[in-house]
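Working notes, beginning with the structure itself.
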Number of protein chains: 2
Amino acid sequence: MIEITFEPAGRKLKTDPGHILEIARDAGVPIRSDGGGKGVCGKCKVEIVDAKAEFSKITEAERKHLSEEELKSGYRLACQTKILSGRAKILIPPESRLESRKIADLAVEREIKLNPPVRKVHAIISEPSLHDIRPDFERLEDVFGEFQIPLSILSELPSLLREANWDITAVFWKDTLISIEKGDTSNRGYGLAVDIGSSKIICHLVDLLSGETVARGYTENPQVAYGEDVVSRITYASKNKDHRKKLQEIVVTAINSVISNLCEEAGIGEEEIYEAVVVGNSVMHHLFFGINPKFIGVLPFVPAVRRGINYRAKEVGLKINPEGFVSSLPLIAGFVGADAVANIAVTGIHKSQEIAMLIDIGTNTEIVLGNKSRLLACSAPSGPAFEGAHISHGMKAVSGAIEKVRIVDDEVIYETVGNVKSKGICGTGMIDLVAELYRNGIISKNGKFIGNTARISDEEIRKYIVAYAEETEFEKPITVSEKDVKEFLMAKGAIKAGWTILAEKLGITVEKIQRIFLVGSFGREINIKNAKAIGLLPNIPDEKITFVGDTAVGGAKMALKSLGVRKEMEDVVKRIEYIELSAVKNFYSVFARSIPI
Amino acid sequence: MIEITFEPAGRKLKTDPGHILEIARDAGVPIRSDGGGKGVCGKCKVEIVDAKAEFSKITEAERKHLSEEELKSGYRLACQTKILSGRAKILIPPESRLESRKIADLAVEREIKLNPPVRKVHAIISEPSLHDIRPDFERLEDVFGEFQIPLSILSELPSLLREANWDITAVFWKDTLISIEKGDTSNRGYGLAVDIGSSKIICHLVDLLSGETVARGYTENPQVAYGEDVVSRITYASKNKDHRKKLQEIVVTAINSVISNLCEEAGIGEEEIYEAVVVGNSVMHHLFFGINPKFIGVLPFVPAVRRGINYRAKEVGLKINPEGFVSSLPLIAGFVGADAVANIAVTGIHKSQEIAMLIDIGTNTEIVLGNKSRLLACSAPSGPAFEGAHISHGMKAVSGAIEKVRIVDDEVIYETVGNVKSKGICGTGMIDLVAELYRNGIISKNGKFIGNTARISDEEIRKYIVAYAEETEFEKPITVSEKDVKEFLMAKGAIKAGWTILAEKLGITVEKIQRIFLVGSFGREINIKNAKAIGLLPNIPDEKITFVGDTAVGGAKMALKSLGVRKEMEDVVKRIEYIELSAVKNFYSVFARSIPI
């Protein structure tokens, strides 16, 4: 047995030999890793600070990502290094930790008429007598009409009715019985809206009688430890059933602990939550329900199911009323998920006269374009550059990330998340930086370094210094290379190609787009002028571009409150035209044209 | 820890202190016990043959049921005696063992048109491509129309379809999906009919494509160890949820082991059984599904549910296809169960022109009377006398039971089950005996000993010697007392009162009954002339009385094969008039009149 301690978490455990990355995961001390544990990203750097242990040999990948000096001082890549015996203390440096992202707490939703599938009916049931010996269940049917009763409720029905003195409240989901409660509880009832993002999970607890949101909660998606992006999670989950089960269990457990907090905050019991409506991208959706996501990751990227699904909470393991329902909004395609559908619900573009565009920037950028008469959607393979991956000093929008940049007289003026010392640069920072570099003549349309400035280093690989070593948290300069800029322009190009092709298919020029909704917490921080300047967004007037924040959970809430909204969304999904970009003939030429600024 | 060995089973185990009856139960060496462990019946006699152990003190009940001599030689009642420490060898004498009853292997069923709810559809599913990216589930809907898919199947659907190369067979129960199988399996499919009796369980495996019965199996109902009759099982199950769960588990486990044997015999997989149709009395029905039976045992004897119920096999724990269905026929009332409905299905009295009577003699004797225009039913509280309880030398119709009796010139000519030495007398033997005693002037109409014969002993409690000590297995005489005869006549009286009242309600005299169906294995052994002579059956011509054997499993098979039969039975249950005898004003006077021969 090996004894290992992770710092600064202070987590100590005994374990079998294995990769440090996996041991840390299993210990609940996740380490950053974008490359799926293959030594690709170099971001799972750890420091072995105190060890009487034997480790596996330093690999090629480690020599590539770690300097000679780092290797000497005990740095290793957690995904490459196996601890074989002995005991060790491992320090996870700040840049390798998974930290909370900035989170928009705005959840937009449209005003809607309350018409949830959950309804509660209070009733006094007639007692049996020697002259009316009909069974208990038929006495319920006298009041509620014909319905199906779960075995778990039927099993306890006889004692429950008598303990309640035949005064009960029945809870239905559509026509299906969820619960029978003693006495009159018809003035209480709750629902849960859940947005399962790849990295964050948002839960809102809703009073189904008033429609009010009574508590809000949030947690990291623990699946992050098994892969940063959906593709690496598909890879992990596809290996075997246990892996898939594991990913389901941890996300359900994470949501359950939020539920427990929300219930405490609101002073209600978990069994009073009768339905949870879940949204998320198609992979999050499949993994949450335990559905094999493998073929979402393989051409032609087909999900198992598209329509909204409804299963009993006990089947999914969600800790609400066990016979309550866990429902999903429908999906559009493998890479345009139920979150996009929720966004449509909130923005109402499926009912709009104006031609509107919804855009949710991420590793896959979901774009929906159209209006009430026609809707198109696609997923642009923008890659993880906007989330900091594949960019030398890229990082997510967490504390210390440079998120706003201006260049004035060769001076870089920037702001960081949390106003702390800079640690790297996030997606919104890159948008500003690239726009400013171009504006100041430092880079060409294609991202080539053409300017003359002392900020460009003389090394073999030329780098532009965004922040000098003395300004930064780690006392190392934060730079961007030509390669970084090009990587970023490629990502931008994919997105631009996406909306260009959608507009083409719709038969309009992009300037005809009358409204753009920027959704997701990422969108909220974007400098619109810069985004338009580099061609990330179509060039339409600023006031036509609206930030809508975390709409997905808002859409889930709308569905929770209204069967009408669900019906609308099922109809939208049926009529929406999904364009698989890789199947579009001229995609690659449009893409190539879309890369330059 | 205590070490205990049960002989002749040779079962040795270590256990905590406890009652011998319970330890034996848990060890799978059940001991006969009719009184629910309360020292009432005195039939759980055991012999402590070798012990270095401490036992609880001899109770009042033991002094009542055991002779001084027996107590001296180490006999105790298993329900009364606790082993407190040490180790002991316990001999379970033959009369205290639970043994196989005689079983009629005839299962009558009517010829019906095959129309089971289970159907299999073979289909080639269209493969997705870049130009048809619809999800897997919708591809199934192309072929099968809209349907619900269980989460367990949806979860595995993507890999299954691709492994099957899109060539599959879907199995439906009505419109609900049970299974998706690789390739064309539409030429195979099975169902199971189960009759859960209080003491025996009969299972028939049916080929749903041909309608043929392909294997038959049988097992004891292990719940017997927790009470011989339904009332003591209700008592046990009502104590707490664990008890109820235990009774469900053991009966399901027993059926599962029969299923496993049937599958092996037929060379099929358990997952190829797509439905089980279960019948049984209302208590067996409730306990099998895990439904609280408590209030069936309490005035006004109301079951939880009457209509047929259908739940997934995995919910019940039955080892057929986990998403397959376990269905029940409907019940009529707390003491007229789904077995009676099955009997109606088989005999077809609900469609008959003739006025017919169905009678199933047992602790509760279910009687159905009527024809296609009107049907009445009742349960006569005949008590356990017909099953050997409350009769000094009474026993079930197992090996050694006297089952046929004639008295010729003061000589008792009898036959035993299995033609072995006699051990006691069973219900059919009692019918013959009482009829013959009356015929020979030995007893009066009221069961008083009036004859003059050497067979009547001179003890304080007068007894008629049926078999002398030297003729019997245990070398003790088999006798009946006046009290036994009266007990038996009371039981008969309850049954006669039942059909008398039903006939009265129907507005006919009992001679107008045109057909009697004697159902159950008990009925098959009855001497009709004697049964009529003592007034157990109405006095109609012999040829109008038909034995139909174990019809209940036959009725379950009919339901298994035909949705039409199920519909018919639901309709019958709705229109049948159940007469609760205890609510009938003149029941007690009719009962009193019905006791004498």
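Values in this text are rule-based calculations from the coordinates and carry no lab data. For clarity, every value in this text was computed on a predicted model and none was experimentally measured. We place every Cβ from the backbone using ideal geometry, glycine too, and count neighbours over all the protein chains shown.
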| task | Obtain the nm distance between the two label points defined at residue B:265 and residue A:419 by a simple spin-label model: each point lies 7 Å from its Cα along the Cα-to-C-beta direction. | result | 8.3 nm
| Enclosed volume per residue, in Å³, of the convex hull spanned by Cα atoms of the protein assembly as shown | 200 Å³
| task | Which order do the peptides A:572-579, A:395-402, B:271-278, B:58-65 take when ranked by the mean count of other beta-carbon atoms within 10 Å per residue, highest first? | result | B:271-278, A:395-402, A:572-579, B:58-65
| remark: Taking every residue of B:252-264, the Cβ atoms of other protein chains inside 10 Å of its Cβ average out to 0
| task | Identify the residues of the range B:506-537 with backbone N under 16 Å of a label point that sits 7 angstrom from the Cα of residue B:543 along the Cα-to-Cβ direction, or state none. | result | B:514-516
| When you look at the Cβ of every residue in A:289-297, what mean number of other chain Cβ atoms sits within 10 Å? | 4
| Give or take rounding to whole Å, what are the principal axis extents of the alpha carbon atoms in the range B:494-569, in descending order? | 40, 30, 23
| task | Hey, could you get me the Stokes-Einstein D for the range B:349-597, Kirkwood radius over alpha-carbon pairs, 4 °C and 1.567 mPa s, rounded to whole µm² s⁻¹? | result | 68 µm²/s
| field | Tail fraction, Cα-Cα pairs, the range A:118-182, threshold 18 Å, whole percent | value | 27 percent
| note | With 0.36 nm assigned to each residue of separation and the Cα-Cα distance removed, residue B:144 to residue B:570 gains 150.5 nm
| field | Exposure proxy order (Cβ contacts within 10 Å, fewest to most) of B:77, B:299, A:208 | value | B:299, A:208, B:77
| message | Sort A:142-148, A:342-348 by packing, meaning the average of other beta carbons within 10 Å per residue, with the highest value first. | response | A:342-348, A:142-148
| said: Strictly over 28 Å apart at the Cα level, which of A:245/A:486; A:38/A:532; A:241/A:396; A:372/A:557 would you flag in this model? | reply: A:245/A:486; A:38/A:532; A:241/A:396
| remark: Projected area averaged over all directions for the convex hull of the alpha carbon atoms of the range B:312-425, nm², comes out at 11.7 nm²
| remark: FRET efficiency for residue B:352 and residue B:115 from the Cβ-Cβ distance with R0 = 22 Å, rounded to 0.05, comes out at 0.50
| Average partner coverage of B:305-314, which counts Cβ from other chains inside 10 Å | 3
| query | Say R0 is 35 Å: what FRET efficiency, to the nearest 0.05, do residue B:410 and residue B:511 get from their beta-carbon distance? | reply | 0.50
| task | Starting from the Cα of residue A:439, step 7 Å along the direction of its Cβ; do the same at residue B:182; then give the gap between the two resulting points in nm. | result | 6.1 nm
| remark: Taking the alpha-carbon centre of each part, the distance from the range A:513-554 to the range B:341-374 in Å is 76 Å
| field | Distances in nm from residue A:458 to the matching label points in the other copies, shortest first (labels 7 Å along Cα to Cβ) | value | 13.9
| message | Could you work out the pair-distance distribution P(r) of the range A:2-96 from its alpha-carbon pairs, with 10 angstrom bin width and percents rounded to whole numbers? | response | 18, 58, 24, 0
| field | Alpha carbon convex hull of the range B:386-478, volume per residue in cubic angstrom | value | 95 Å³
| note | In this structure, the FRET efficiency calculated for residue A:448 and residue A:11 from their beta-carbon separation, with R0 = 41 Å, to the nearest 0.05, is 0.30
| request: Report P(r) for chain B: all Cα-Cα distances, bin width 10 Å, range 0 to the bin holding the largest distance, values in whole percent. | output: 3, 16, 24, 24, 17, 9, 4, 2, 0, 0, 0
| query | Name the GluC sites (Glu not before Pro) in the range B:293-363 that are in a loop by DSSP and that have at most 14 other C-beta atoms within 10 Å, would you? | reply | B:354
| task | Return P(r) of the range B:192-328 (all Cα-Cα pairs; 10 Å bins starting at 0; whole %; ordered from short to long distances). | result | 13, 45, 31, 10, 1
| What is the set of long-range amide H partners of residue A:11 at a cut-off below 5 Å, with H atoms built 1.01 Å from backbone N? | A:6
| query | What are the distances, in nm and sorted shortest first, from the label point of residue A:593 to the label points of the same position in each other copy, with each label point placed 7 Å from Cα along the Cα-to-Cβ direction? | reply | 10.4
| Under the Karplus relation 6.51 cos²θ - 1.76 cosθ + 1.60, θ = phi - 60°, what is the ordered set of whole-Hz ³J(HN,Hα) values for the range A:309-326, x standing for Gly and Pro? | 10, 9, 10, 5, 4, 5, 6, 8, x, 6, 8, 10, 3, x, 8, x, 9, 10
| task | Starting from a label point 7 Å past Cα on the Cβ side, list the distances from residue A:60 to the same position in the other copies, nm, shortest first. | result | 9.0
| query | For the range B:300-375, with equal point scatterers placed on the C-alpha atoms only and solvent neglected, what are the log10 I(q)/I(0) values from the Debye formula at q = 0.12, 0.13 1/Å, to two decimals? | reply | -0.44, -0.51
